[in-house]
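Read through the structure below, which is laid out as structure tokens, and then see the notes.
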Amino acid sequence: MPVVDLAPAPAAPVLPALRIGPLEIASPVVLAPMAGITNRAFRRLCRESSASTASGRSALYVNEMVTSRALVERHPETLRLIEHDPGESPRSVQLYSVDPVTTAAAVRMLVTEDRTDHIDLNFGCPVPKVTRKGGGGALPWKRDLFRSIVGAAVREASPYGVPVTVKMRMGIDTDHLTCADAGRSAEELGAAAVALHGRTVAQAYSGTADWDAIAALKEAVRTIPVLGNGDIWSAEDALEMVRRTGCNGVVVGRGCLGRPWLFADLAAAFAGSPERVSPSLGQVAATLRRHAVYLVEFYEDELRGCRDIRKHIAWYLKGFPAGSTVRNQLALVDSLAALDELLAQLDWSAPWPGEPAEGSRGRAGSPRRVVLPEGWLDTRDLTPARAARGGGRSRTGRQRGLSHAAYGRGEAGPLCMGRGRGLSVASGRVASCRPTEQWASGEQAGRPSGPRCSSAVRRSSGSGWRPTTTARRSCGWGSPRGTCPRGG
Ligand SMILES: Cc1cc2nc3c(=O)[nH]c(=O)nc-3n(C[C@H](O)[C@H](O)[C@H](O)COP(=O)(O)O)c2cc1C
């Protein structure tokens, strides 16, 4: 009698493992770098979550970005930000830079000191204080500067077998698209993968991500993986993005805010399994608490860890029955004991609410004026003189450093310094920012770091600087107004 094997055949993976240079990422999924979020604590939760699935396939978890300048100056906070858990592999760091020389120095430091296994370069930031300097999403417009930065990073990293990837947006706005050019340049220069957020800088987080742009990039970039990013809120969205664009993997940001178990869903989905996590409120509360404990460990400070968890509360509780009183108290929690007391007040037996807990979360906002250095759009390349200086130009000789904190946590970063004009690209109008330091390269600044939120106005007025409205009120990435840990 023939033996009939009734065990279900293992499901076929939807995509092969993602190859990023020498690294093999079993699940073709990347945790998007998010300043103020993707620290060691959050990455650990995400890792634990994908390890809990039947396939156990792990993703690539990218650190929140640090500026090259702060890194080479060895700011203690920046050095802490690039730490990884002992078991974290591969270790990944995202760098922000506007200057090839500092980029090279930062990459050299990372690889010679064996501090990372992967380096991602940030060319997508839409924050005005960054684009005003020609950084982030504005930078790929200057083809030669983009090439110099990517080339410098690859040159320094490749002897150590550390792959460099590029993360970018579609362009400055729909009239100034850069992603095809930049993607091909990155490929030619030896980048190991390119990731595209399907929005322009002008869109910020508004509207919907254009997945067709990801498909087009996949057509343009043939020899390295193309990763799709934007509006993945569920494992099904991730599968759909792959189906529609042909991308080699997905980068997931806001969808996992308050929902680190999305990485379990993603690992399962890409392994071909229908398994999904639908936690009860009790399980969510336990995850939230674990997150808080990891943050306390990360900061080595209970109050700081508890302050940080506050911004995650609404995301964790989205859609669950939890009264406004307890929600409000949780948003002010200042110790693990207080957290325990408040979490005990929730109905732990409440089941996963389904749709109300799903869908979009995190920042959305509206289109914005893109503030650029004066004349930025006039040419696609820097002049030879500017290029020789790595892209930085200071008309007044005073240049301003962009600290990690300035960019990532909302402390005032590069400031408008006196009179000048910035171009608003979204509308073609001249923006209200009045920089005279339009070309100031933060990476070449002589000062050690940007001012902190609370001191920005004080310090800038003291030295005759003129902070913009944005510098005074914006908290950059991540920290909603008023929740910046340092008061931004
Ligand atoms: C709070 C927050 C912080 C972010 N910080 C960074 C960052 O440090 N570096 C970066 O390249 N992108 C950053 N991003 C952009 C994300 O990596 C991602 O590209 C974007 O959120 C779109 O993906 P999503 O729709 O999956 O959220 C940030 C986004 C958010 C919401």
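General observations
- Hey, G36 on the phi > 0 side of the Ramachandran plot, at pLDDT below 90 and in a loop (DSSP other than H, G, I, E, B) or not: no
- Criterion (farther than 18 Å from A238 by Cα, in the same structural domain as V242 (by TED's automatic domain parsing) and modelled with pLDDT of 95 or more) met by exactly one of E24, E64: E24
- Condition check for A238: within 16 Å of the ligand (Cβ to nearest atom), more than 18 Å from R43 (Cα to Cα) and of a type outside the set (V, I, T): yes
- Summed over region 160-174, residues that are touching a residue at least 40 places away in the same chain (Cβ under 8 Å) and surrounded by fewer than 23 Cβ atoms within 10 Å (Cβ to Cβ) total 3.
- Flag if S55 is modelled with pLDDT under 95, more than 14 Å from the ligand (Cβ to nearest atom), within 22 Å of S273 (Cβ to Cβ) and assigned to a helix (DSSP H, G or I): no
- Some residue of region 124-136 being of a type in the set (S, T, N, Q), closer than 29 Å to G198 by Cβ and not assigned by TED's automatic domain parsing to the domain that holds A286: yes
- Of all residues making up region 163-192, the number that are under 16 Å from the mean Cα position of the chain (by Cα) and of a type in the set (V, I, T): 3
- Qualifying residue in region 270-282 (condition: more than 25 Å from R57 (Cα to Cα), in contact with a Phe, Trp or Tyr (Cβ under 7 Å, 6 or more places away or on another chain) and assigned to a helix (DSSP H, G or I)): yes
- Residues located in region 231-261, provided they are without any contact (Cβ under 8 Å) to a residue 60 or more places away in the chain and surrounded by fewer than 24 Cβ atoms within 10 Å (Cβ to Cβ): E236, D237, E240, R243, R244, T245, G246
- If only residues of region 193-220 that are in a loop (DSSP other than H, G, I, E, B), buried (at least 23 other Cβ atoms within 10 Å of the Cβ) and among the aliphatic types (A, V, I, L, M) are counted, the one that is farthest from the chain's Cα centre (by Cα) is A202.
- From E275, E297, E302, residue being modelled with pLDDT under 95, surrounded by 15 or more Cβ atoms within 10 Å (Cβ to Cβ) and more than 16 Å from the ligand (Cβ to nearest atom): E275
- Flag for L332 being closer than 26 Å to T38 by Cβ and under 29 Å from the mean Cα position of the chain (by Cα): yes
- Filtered residues of region 284-317 (kept if in contact with an Asp or Glu (Cβ under 8 Å, 6 or more places away or on another chain) and charged (D, E, K, R)): R289, R307
- Enumeration of residues in region 192-230 that are touching a residue at least 60 places away in the same chain (Cβ under 8 Å) and closer than 24 Å to P16 by Cα: A192, A193, A195, H197, P225, L227, N229
- Residues that are within 13 Å of the ligand (Cβ to nearest atom), touching a Ser or Thr at 6+ places or on another chain (Cβ under 7 Å) and outside any helix (DSSP H, G or I) are absent from region 258-266.
- Among residues of region 136-155 that are over 14 Å from P373 (Cα atoms), those with a Cβ under 7 angstrom from a residue that is buried (at least 24 other Cβ atoms within 10 Å of the Cβ) and hydroxyl-bearing (S, T, Y), sequence gap 6+ or separate chain, pair up as I149/S97; I149/T103; A152/T103; A153/T103.
The values are calculated or read from the model by the stated rules, or taken from the named source; none is laboratory data. Just so you know, these numbers come straight off a predicted model, no measurement behind them. Neighbour counts run over all protein chains shown; Cβ positions are idealised from the backbone, glycine included.
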